[in-house]
Amino acid sequence: MAEQRVIVVGGGLAGLAASVRIAEAGLPVDLFSMVPVKRSHSVCAQGGINACNEVARQQGYSEYEHFDETIYGGDFLADQHPVLEMANWAPNIIDLLDRMGVPFNRTAEGYRDLRLFGGSLFKRTHFAGATTGQQLLYALDEQTRRYESEGKVKKYEFWEFLWPVTQGEGDEKRCVGIVAQDMRTMQIRAFRAAAVVMATGGNGLIFGKSTNSVICTGGAASRCYQEGAWYGNPEMIQVHPTAIPGADKLRLMSESARGEGGRVWVPRKKGDTRRPTDIPEAERYYFLEERYPAYGNIVPRDIATREIFDICVNEGMGVDGQNQVYLDLTHRDPEYLTRKLGGILDIYEKFVGVDPRFTPMKIFPAVHYSMGGLWTDYTPGDYMPDVPKPAHKSGAPVPVDNKMGHGLTIGAPNNMMSNIKGLYAFGEVNFAYHGANRLGANALLSCIFDGLCNGVSVVNFVRDSGTPGVDGLDQSIYDRVVRQEQEKHDRLVNSARSATGDEAYNPYRIAKELGDEMTAASTVVKTGERLERALAKVAELRDRYAKVELCDAASWTNQSLSFARATGDMLILAEAMLKAGLLRKESRGAHYRKDFPERDDENFFKTSIARFNPQTQQSDIEFVPVRAPLVLPRARTYGKADTKAGKPQPAAAHA
Amino acid sequence: MSGAYAHEYNAETRRANRQRAKPGRSIILKIKRCDGPGKPSRWESFKVPVEPGSNVISCLKYIASHPVTTDGKRTTPVVWDSGCLEEVCGACTMVINGRVRQSCSCLIDEYAPDEGDTLTLEPMSKFPVIRDLWVDRERMFHALRRVKAWVPIDGTYNLGPGPKESPEHQQMRYALSECMTCGCCLEACPQYLQESDPEKWDTSFIGAAAINQVRLFNEHKTGKRLKADRLEALMGPGGITDCGNAQNCVKVCPKGIPLTESIAAVGRSTTVHAFTRFFKGR
């Protein structure tokens, strides 16, 4: 039998870590990416990567506390065993990246430096300037190139994943390859593989402008979803509190700005027109510090976002009467700032034209990350307490040590496998780790952890004697999907030839209306009534999309076609997000329902699972219990000051 | 070709332009277009309304949904490469008003502050055009393979931390490691020429970006193990001696990487290496 191959779709941190690990185990990898992998969206990650470390450990911190913080930060919606395993691996992952040559910032003595980040009172975030994601991606890109030059990884860059090829039905359904398209020649063809790893990232473009790169449409995840892969917690979308408003995108201003001492404030007097540097300390409202004395500016993202939204939208206290607040670093030494945050301060200066070392930045929240994603399974490890544990106190004995295998059974073939056999989801497209809200600097960790830890599961699945090879499969299985995609492609190209020119059917127009609607209805504050209206709007857009018209009939490098095709897939995922948000009648983490402002563990300590119904072309949503045998849910307050307890959440939404 | 850094506006001019730029105006984007390899180029102009914060990307997006030229002719959306839109991925590099740079960080207010001002967009000239403003930079990634730009670690299993490093050394490596393979330094280099035949990539001048990577990895304690291989890759035809010392590379690097220092440092290393090799008789 010929050697079995593995396909990895997506060349960000998760895809590259998986490729390296799988190639290292001796299986050849075909790596697909819409961009040269070195340009993947992981480059945009700024602040750092979390891991327990010796300094924090000697102050009472532990891997277990990192795990507990992540569960609490995610408002108890994450399945717990995988998170425990991830936290236990974190220090080893930092060591590995260090060996690969990542230029982590150093202390005077030459050890790795650390910074504070949201959701923790310990310094546990490792960083390389303020472009940590870029530096981590480059390290993995370099290792991948090493395997590429040895012939163990074959790259297909500028190839777009179009559809998974599956065989069988129900529980027996298995992924046996993919169909992809060369974005230059427009050639569509099938590729066989014994396993397929989706590492395709997030879906910010569904919200129009976000902090995401232009390729983050969620199209690939949506295509797997339409083929029968389940989608977990689609309603859980993180809105980052601090971004720079822009005409083409909303640029992230890293949480590390707050971790390094950045303070968020507005003038106490509404409509104060003085320059920020002219406003005396006593006349500034440091609302996060006043409302959350314990965590202050480093409360988790969902909380900071809602408070900024509250100040601007409800209280009308935004700077210059607009939706913006100050993020102020001017009290720190400019040289220190350059050393620790140079990358992001340059971005602000370049795009706004103001030097944030001397003038406070103006920022507002922006859609940033999808906690939800393809649903995945796993085999728990050997740690199973008789009853779930209460909150962990720093310095107290830990219920379980930091050895591998307590959280997950290492190498179990079903780790991070979707409900379709042989189809895995790693990184942001995997719903597993962040529950209802992701903590800052945990994303890079979860991406690399998936690739390294669960890459082994992929290898074991392929080599398992119970997994038949794909070489002998009938070619018609593949031809059918190629035909399906070729027809879709031809229909879109032909639409340009018979175009009526009616703007209503322009794909860019449809996508923009979708983005505006999703941002208004399904981000910081949601209500049942508004979500229902958004569902009606998406239905209307889907009707219009059925008659979509391209402006370009080219059979060579047709970018409009790729975008228009993804727009259809975005509409389908948007419907799942809205429907799950409508049915989750509670508030939890990033999902805040003004009409149901409390967390409701009795009814919704549950994962929402969306399944695409091919008959109705709609999502069916089911709520299933969170797999949570390790930690007991507790109120998530982050020490909010009692004086404000009367109004714990913003009182109204304008949307 | 046009001068690689002609028409560069200094910081003061850009600030002054931003101050006087009028909101609600329209500008002209004049774009060099090409339908594919081997096809002729043509110019098309588009009138685009701009607002404060508009950049070249937002203008190209406007054209994508309104593909009509200033002559009123319906045309196709312009094809261009882009990714992060925050100048860290390197994708959206093109030649704007004769100077190579990223288009995402090119703010309209700074470069075209008046009603009817024209911005000219061209694809990079040192790489084969795929379509319109999108070029094929595979040769840059090939160069990274050629110089073994990686740290040869003993696998991904847990073997403890990497080498300790002083903060000064880390800062130096970090600066070199910010290279996003955008190609600005190559576009501006008189010695770097377009070469569409991959067979000739290994004997044509490799350019500043890859030479800088040689320095980066030779500076790493484990990376050093491949130092000889890397230097030898730069010692033949198309290697470091092809550098003509025009120093354009360092002027156009958007990340401010000290490319000429890197070329000098690697130049010294290759000389030392050549001597050592000679006396060892290899």
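List of remarks:
- Shown here for segment A:420-493: GluC sites (Glu not before Pro) in loop regions (DSSP other than H, G, I, E, B) with at most 12 other Cβ atoms within 10 Å, of which there are none.
- Per-residue average of Cβ from other chains inside 10 Å of A:18-27: 1
- Here the Debye sum runs over all C-alpha atoms of segment A:240-367 as equal scatterers in vacuum, and log10 of I(q)/I(0) at q = 0.10, 0.21, 0.22 Å⁻¹ comes out as -0.27, -1.35, -1.49.
- Helix B:259-280 and the longest principal axis of the C-alpha atoms of chain B enclose an angle of approximately 30°.
- Cα-only Debye scattering, segment B:137-280: base-10 log of I(q)/I(0) at q = 0.10, 0.17 Å⁻¹: -0.34, -0.96
- Comparing B:S45, B:S82, B:S65 in a Gaussian network model of chain B where C-alpha atoms under 10 Å apart are linked, the largest mean-square fluctuation is found at B:S65.
- Segments A:629-639, B:109-119 sorted - mean Cβ within 10 Å per residue, highest first: B:109-119, A:629-639
- Debye intensity ratio in log₁₀ form over the Cα atoms of chain B, taken at each q of 0.08, 0.10, 0.11 Å⁻¹: -0.41, -0.61, -0.71
- Simple Cβ-charge dipole of segment B:137-280, Lys/Arg +1 and Asp/Glu -1, about Cα centre, in debye nearest 20: 440 debye
- Computing Rg and the Kirkwood Rh from the Cα coordinates of the protein assembly as shown gives a ratio, Rg/Rh, of 0.94.
- Highest-MSF residue in chain B out of B:G38, B:G160, B:G53 [GNM, Cα springs under 10 Å]: B:G160
- Relative contact order (%) - criterion: Cα under 8 Å, at least six apart; region: segment B:11-134: 35 percent
- In a simple Cβ point-charge model (Lys, Arg +1; Asp, Glu -1; nothing else charged), chain A has a dipole of about 820 debye relative to its Cα centre.
- Most to least packed among B:182-190, A:21-29 [average Cβ atoms within 10 Å]: B:182-190, A:21-29
- Hydrophobic long helices, here whole DSSP H runs in chain A with Kyte-Doolittle means of at least 0.5 and Cα atoms spread over 27 Å or more along the helix axis, are found at A:443-463, A:559-583.
- Here segment A:38-78 is treated as a sphere whose radius is the Kirkwood value from Cα pairs; by Stokes-Einstein at 20 °C and 1.002 mPa s it diffuses with a coefficient of 175 µm²/s.
- Per residue, chain B exposes 41 Å² of solvent-accessible protein surface, assessed with a 1.4 angstrom probe and all protein chains in place.
- When the charge dipole of the protein assembly as shown is built from unit charges on Cβ atoms (+1 for Lys and Arg, -1 for Asp and Glu) and taken about the Cα centre, the candidate among A:P300, A:L252, A:A78 whose Cα reaches farthest toward its positive end is A:L252.
- Taking the DSSP bridge list for the protein assembly as shown and keeping only pairs wholly inside it, about 75 percent are antiparallel.
- Residues along segment B:72-88 losing 40 Å² or more of accessible surface when the other protein chains are present rather than the chain by itself (probe 1.4 Å): B:P77, B:G83, B:C84, B:L85, B:E86, B:V88
- Within 10 Å of the Cβ of each residue in B:166-172, the mean number of Cβ atoms contributed by other protein chains is 5.
- Spatial extent of segment A:136-252: Rg and Dmax, with the Cα atoms as the point set, Å: 17.1, 48
- Those residues of segment B:121-160 for which accessible area with every protein chain present is at least 50 Å² below the isolated value (1.4 Å probe): B:I130, B:R131, B:W134, B:F141, B:R145, B:W150, B:I153, B:T156, B:Y157, B:N158
- Reference-scaled alpha-carbon Rg (2.2 N^0.38 Å with N residues) for segment A:338-407: 1.99
- In degrees, nearest ten, helix B:11-20 long axis to first principal axis of chain B (Cα): 20 degrees
- Local net charge near A:R438, Cβ-Cβ under 12 Å (Lys/Arg +1, Asp/Glu -1): -4
- Over the Cα atoms of segment A:479-597, the radius of gyration divided by the Kirkwood radius equals 1.08; this is the Rg/Rh ratio.
- Per residue Cα convex hull volume in Å³ - calculated over segment B:1-98: 134 Å³
- Those aspartates and glutamates that a straight Cα-Cα span of less than 18 Å connects to A:K403, excepting residues fewer than 8 apart in one chain: A:E54, A:E63, A:E65, A:D68, A:E85, A:D95, A:D382, A:D450
- Rg and Dmax [Cα atoms of segment B:117-176; Å; Rg one decimal, Dmax integer]: 19.4, 59
- Cα centroids of segment A:380-398 and segment A:591-646: 23 Å apart.
- Pairwise burial A:B, computed as accessible area of each alone minus the pair, summed, 1.4 Å, Å²: 6100 Å²
- Rg/Rh (Cα only; Kirkwood hydrodynamic radius) as it applies to segment B:213-267: 0.99
- Segment B:85-162 and segment B:1-80 have Cα centres spaced 18 Å apart.
- Among B:Y174, B:Y157, B:Y62, the largest mean-square fluctuation in a Gaussian network model of chain B, built with springs joining Cα atoms closer than 10 Å, belongs to B:Y157.
- Converting the Cα gyration tensor eigenvalues of segment A:353-488 into ellipsoid dimensions via √(5λ) gives semi-axes, longest first, of 36, 29, 12 Å.
- Carbon + sulfur, % of accessible area of chain B - ligands and nucleic acids excluded, 1.4 Å: 52 percent
- Taking 22 Å as the limit for the C-alpha separation, the pairs B:K126/B:K251; A:K393/A:K594; A:K249/A:K350; A:K249/B:K61 exceed it in the case of A:K393/A:K594.
- Acute angle (nearest 10 degrees) that the helix B:208-218 long axis makes with the longest principal axis of chain B, alpha-carbon atoms: 40 degrees
- The protein assembly as shown - mean residue ellipticity at 222 nm from DSSP helices (-39,500 (n - 2.57) per run, n ≥ 4, rounded to 500): -10000 deg cm²/dmol
- Within the accessible area of chain A (1.4 Å probe), percent carbon and sulfur: 51 percent
- Fraction of alpha-carbon pairs over 13 Å apart in segment A:252-327 - percent: 65 percent
The values are calculated or read from the model by the stated rules, or taken from the named source; none is laboratory data. Please read all numbers here as calculations on a predicted model, not as lab measurements. Neighbour counts run over all protein chains shown; Cβ positions are idealised from the backbone, glycine included. Side chains included, ligands, DNA and RNA excluded: accessible areas come from the protein's heavy atoms. Shrake-Rupley method; radii C 1.70, N 1.55, O 1.52, S 1.80 Å.
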